[in-house]
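The values are calculated or read from the model by the stated rules, or taken from the named source; none is laboratory data. What you see is a predicted model; the values in this text were computed from it and never measured. As a convention, Cβ positions derive from the backbone with ideal geometry for all residues, glycine included, and neighbour counts pool all protein chains shown.
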Amino acid sequence: MSIPYIQIDLWLIILVIATVVAFLVVVIIYGIRAHQQQASAGREEFIGKAAEVTTKMEPKGVVRIYGEQWTAILDKGKAEPGEEVLITKVEGLKLRVTKQE
């Protein structure tokens, strides 16, 4: 039993197949590139970087690095919001920092 009034043009089938293949190629290329790139915000990258103090530190407070808020402990002294501190160590989810001179 066939339905003679429904027909799909060959050019439409080819166009749909070409579009799907092009989409899959782009997705595969971007997937491969994503797997080849090194993580850019790992803990080991924080050490030696400057962070901005967002809450008063005496000695515990909050700093911002790479757009993220982190709890930090200042080695000695106090730091006011807006000052920059250097990250010296990462302990779990806390950063150890020193005042930048």
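Just checking, does segment 28-36 include any residue being within 13 Å of residue 99 (Cα to Cα) and of a type outside the set (A, V, I, L, M)? Taking every residue of segment 28-36 in turn, none turns out to be within 13 Å of residue 99 (Cα to Cα) and of a type outside the set (A, V, I, L, M).
In segment 43-65, the residues that are in a loop (DSSP other than H, G, I, E, B) form Cβ pairs under 9 Å with partners that are among the charged types (D, E, K, R), at six or more places apart or across chains, as follows: 47/89; 54/64; 56/78; 56/80; 58/78; 59/75; 59/76; 59/78.
Inspection of segment 13-28 identifies at least one residue that is of a type in the set (A, V, I, L, M, F, W, C), at pLDDT below 95 and more than 19 Å from the chain's Cα centre (by Cα). Counting the residues of segment 66-91 that are in a loop (DSSP other than H, G, I, E, B) and out of contact with any Pro (no Cβ under 9 Å at 6 or more places or on another chain) gives 6. Restricting attention to segment 70-101, the residues being loosely packed, with under 12 Cβ neighbours inside 10 Å and touching a strand residue (DSSP E or B) at 6+ places or on another chain (Cβ under 7 Å) number 5.
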